[in-house]
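Here, each number is a calculation from the coordinates, and none is a lab measurement. All figures in this text were calculated on a predicted structure; none of them were measured in a lab. Heads up, the Cβs are rebuilt from the backbone with ideal geometry, glycines too, and the neighbour counts pull from every protein chain shown.
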Amino acid sequence: MEKITMYHIEYEKPKVTLLQESGLGVSEIAARTCYDSFENSENDCIKNAMQKMDIAAINAIAESDLLSNLAWVHHHHSIIEHATLSFLVQGTSRGVLQEHARHRIQAISVRSTRYTMSSVINAFTASQESEDGFAFFLEKVLALNLFVITDKVYLEIEIRSIYDKFMFQYRRDEEYLKNAVAKSSLPYLETFKGNAHALYEALEKGKKKRNVGDGFKHIVSDNWKVDMVVTFNIRSLKNYFDLRDSGAAWFQIQWLAQEMKKATPLKYLKLIDKKYKENEKK
């Protein structure tokens with residue numbers, strides 16, 4: 001993934017992959033249904049749709065004069081809500097997630113800290129068997145690549161904070177080990193007593209405790225990486241790009257919007273982004 005420096009801190013930019021696109025055909029059929037104007041389409045599969053429905057051809061159309069006219073002349077954008085795109089986002093931050101989730105008309109599925117924190121919890125648990133617990137924890141957590149900020153000096157500060165929060169809980173919670181370790185892995189604590197590396201490996205290979213993150217979500221910061229799948233209809237995507245691919249937006253969500261735009265096929269951008277529409281005229 002690409003790295004970039006902002007405010008003298010090194011960050012990793014997210015990676016975006018287009019997983020699915022619905023095509024423009026359904027939106028044109030919706031528009032033609034409104035106006036009963038199928039015979040006017042330049043796309044034969046649309047023109048003949050009421051007599052012979054060729055779904056594959058309809059989903060594959062590259063352009064629609066009607067949709068372009070509705071989008072840019074009449075600003076009638078409800079029709080393009082029938083076209084959707086799904087993206088896999090890898091390596092954005094929880095800080096971006098908070099901003100991203102404010103866009104209400106989307107489907108979003110996010111990597112869950114409830115189910116995916118085992119390794120960092122195992123690293124802390126095993127660190128208690130090391131002479132230098134923090135050094136052990138730092139080594140293991142750095143290897144997990146959990147953060148959007150990649151500056152090593154900054155990360156040591158970040159991971160020290162996480163370690164201290166774990167230690168705070170460890171000292172207060174008499175049930176810490178029961179909350180952190182699956183029941184079937186508890187014997188490893190005696191088997192590998194005094195051997196932090198062996199204990200960590202055993203815990204990693206053992207059964208993952210269900211919902212293990214419930215008691216430890218407080219350690220997570222805005223810098224923590226998340227992966228997610230998001231689906232937008234292209235009217236909502238237009239709103240997202242207008243607001244987030246803008247100098248007024250927070251730089252991290254600008255990066256995400258820019259990567260999503262790169263992954264968006266041109267036929268959709270020509271309906272929702274003025275720059276691409278103007279380039280078409282040249």
Q: Hey, can you grab everything whose amide H is under 5 Å from the amide H of GLU10? Only 5+ residues off in sequence or another chain; H modelled, so Pro and N-termini drop out.
A: THR150, ASP151
Q. For MET53, what is the net charge nearby, where nearby means another residue's Cβ is under 15 Å from its Cβ and Lys, Arg count +1, Asp, Glu -1?
A. 0
Q.
Can you compute the modelled spin-label distance between ALA182 and ILE55, with each label point 7 Å from Cα toward Cβ, in nm?
A. 4.0 nm
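Where does the longest stretch of the chain lie that holds no GluC sites (Glu not before Pro) found in a DSSP loop with 16 or fewer other Cβ atoms within 10 Å?
Longest run free of exposed loop sites: 176-282.
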Q. Can you give the angle from 0 to 90° between the axis of helix 152-172 and the longest principal axis of the chain, with both taken from C-alpha atoms, to the nearest 10?
A. 60 degrees
(Q) On the principal axes of its Cα set, how long, how wide and how thick is the chain? Give whole Å, largest value first. (A) 79, 43, 26
Q.
What's the whole-number percent of alpha carbon pairs in the stretch 218-282 lying beyond 16 angstrom?
A. 53 percent
Q: Mind telling me which of GLN258, GLN51, GLN90 comes out most flexible in a GNM of the chain, alpha-carbon contacts under 10 Å?
A: GLN51
**Q.** Binned Cα-Cα distance frequencies in the stretch 159-198 - 5 Å width, integer %
**A.** 6, 20, 20, 26, 23, 5
(Q) How much length would be gained if the chain were fully extended between ARG104 and TYR7, taking 0.36 nm per residue of separation minus their Cα-Cα distance, in nm to one decimal? (A) 31.9 nm
Q: List the extent of the Cα atoms of the stretch 90-226 along each of their three principal axes, largest first, rounded to whole Å.
A: 51, 33, 27
(Q) If each residue of separation counts as 0.36 nm, what is the full-extension length gain between ASP173 and HIS76 once their alpha-carbon separation is subtracted? (A) 29.1 nm
Q. For the stretch 1-46, what size does the Cα cloud have along each of its three principal axes, sorted from largest down, in whole Å?
A. 59, 19, 15
Q: Specify the inter-centroid distance of the stretch 203-249 and the stretch 48-86, based on alpha-carbon positions, in whole Å.
A: 31 Å
Q | Under 12 Å, Cβ to Cβ, from HIS103 - net charge with Lys/Arg +1 and Asp/Glu -1 | A | +3
Q: Calculate the spin-label point distance for GLU156 paired with ALA30, positioning each point 7 Å from the Cα along the beta-carbon direction, and give it in nanometres.
A: 5.5 nm
Q. Hey, got a sec? Which trypsin sites (Lys or Arg not before Pro) in the stretch 20-77 land in a DSSP loop and have at most 14 other Cβ atoms within 10 Å?
A. LYS52
Q.
Rounded, prolate or oblate, given the Cα gyration tensor of the stretch 168-228, with a/c below 1.5 counting as rounded?
A. prolate
Q. For the chain, the longest stretch holding no chymotrypsin sites (Phe, Trp or Tyr not before Pro) located in a DSSP loop with at most 15 other Cβ atoms within 10 Å is which?
A. 8-249
**Q.** Candidate lysines - alpha carbon under 23 Å from LYS262, same-chain residues fewer than 8 apart omitted
**A.** LYS3, LYS13, LYS15, LYS225, LYS238, LYS270, LYS274, LYS275, LYS277, LYS281, LYS282
Q | Per residue Cα convex hull volume in Å³ - calculated over the stretch 1-101 | A | 142 Å³
Q.
As I understand it, the value is the acute angle between the Cα axis of helix 118-127 and the longest principal axis of the Cα atoms of the chain; what does it come to in degrees, rounded to 10?
A. 20 degrees
